[in-house]
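Only one structure is covered here, and it is reproduced in the block below.
The values are calculated or read from the model by the stated rules, or taken from the named source; none is laboratory data. Remember, predicted model here, so these are calculated numbers, not experimental data. Don't worry about glycine lacking a Cβ; one is built from the backbone with ideal geometry, like all the others, and counts go over all protein chains shown. SASA here: full protein model, heavy atoms, side chains in, ligands and nucleic acids out. Shrake-Rupley method; radii C 1.70, N 1.55, O 1.52, S 1.80 Å.
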Amino acid sequence: MIVLLAALTFHTIRSQEGMVQIKGGTYIPLYGVDSTAVTIADLSMDVYPVTNADYLEFVREFPEWQKNKVIRLFADGNYLVDWEGDLSYGKMLAAEGPVTSVSWFAAKNYCECQGKRLPTIDEWEYAAMADETTADARKKESYNQSILDWYEAPKSLKKKVGSTFKNYWGVYDLHGLVWEWTMDFNAVLISGESRKDVDKDSNLFCGSAAVGASDLMNYAAFMRYAFRGSMKANYAVKNLGFRCAMDVPQI
């Protein structure tokens, strides 16, 4: 029993390397005008997105996720499209660049193999609403404008991880590098038929309602949620990467 506990403790410590703890709290997601407060528990999150070098180690250990061996049910034909081969991301991609063209299934499995998990939408949004000095910077016009500027910037995925600012929690690259998978990436997707019955989130997908070009905070949120809602779990997209999270043990 002592040996088992020691092994579990060692695994937890190893898993938490490269992570920072984010103190939980309550926030109002930008789903629309009728959104209600959501409580986030304490969690740990990777400081950086998963890199090409990280993912290469993963596919070496788990060959079923290699470029030419993955089951197409779990990743479409764009999976690792820019990699040279099963065990090489090639010379055109940087080792410390964010891995992209990875499906949700692959990202989820990667995190689980590290003893971690993908963050939920609300956890990701909660961590990502921070700037360098403030836990919730969403009311700052300059902050939201910088996010929108990134959405228009070409080839930001070519940069290395850590190239953007370190936020209040000590996390890099939540904005300015790549989009990122979340565990429940399409949880707020509203279909045309369901909008009449579910008013809470309908404003998110109605461009003439809650979202306006003059409201940078809502527009930036709209872009994120609309992008997530367009995804399927086996999609592999060139500007879509991921990072992992962990629950913080309650004492």
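For the pairs 139/238; 91/116; 67/158, flag any whose C-alpha to C-alpha distance is greater than 25 Å.
Distance filter (> 25 Å) returns 139/238; 91/116.
Probe radius 1.4 Å, ligands and nucleic acids left out: which of 242, 62 has the largest accessible area, and how do the rest follow?
Listed by decreasing accessible area, they come as 62, 242.
For the range 90-149, what is the per residue volume of the convex hull drawn over the alpha-carbon atoms, in cubic angstrom? List each step's numbers first, then the result.
On the way: hull volume 9.2 nm³, N = 60.
Each residue corresponds to 153 Å³ of Cα convex hull volume.
Between residue 28 and residue 95, with labels modelled 7 Å along Cα→Cβ, what's the label distance in nm to one decimal, could you check?
4.8 nm
Given labels modelled 7 Å from the Cα in the Cβ direction, how far is it in nm from residue 226 to residue 37?
3.1 nm
Taking 0.36 nm per intervening residue step and subtracting the Cα-Cα distance, what contour gain separates residue 145 from residue 17 on full extension?
Additional length available on full extension: 42.8 nm.
Report the Cα-based extents of the range 43-140 along its three principal axes, largest first, to the nearest Å.
If we take the Cα atoms of the range 43-140, the spans are 45, 27, 23 Å.
Local charge sum around residue 245 (other residues, Cβ-Cβ under 12 Å, Lys/Arg +1, Asp/Glu -1)?
Once all neighbours under 12 Å are counted, the net charge is -3.
Can you give the net charge of the other residues whose Cβ lies under 15 Å from the Cβ of residue 180, counting K and R as +1 and D and E as -1?
+1
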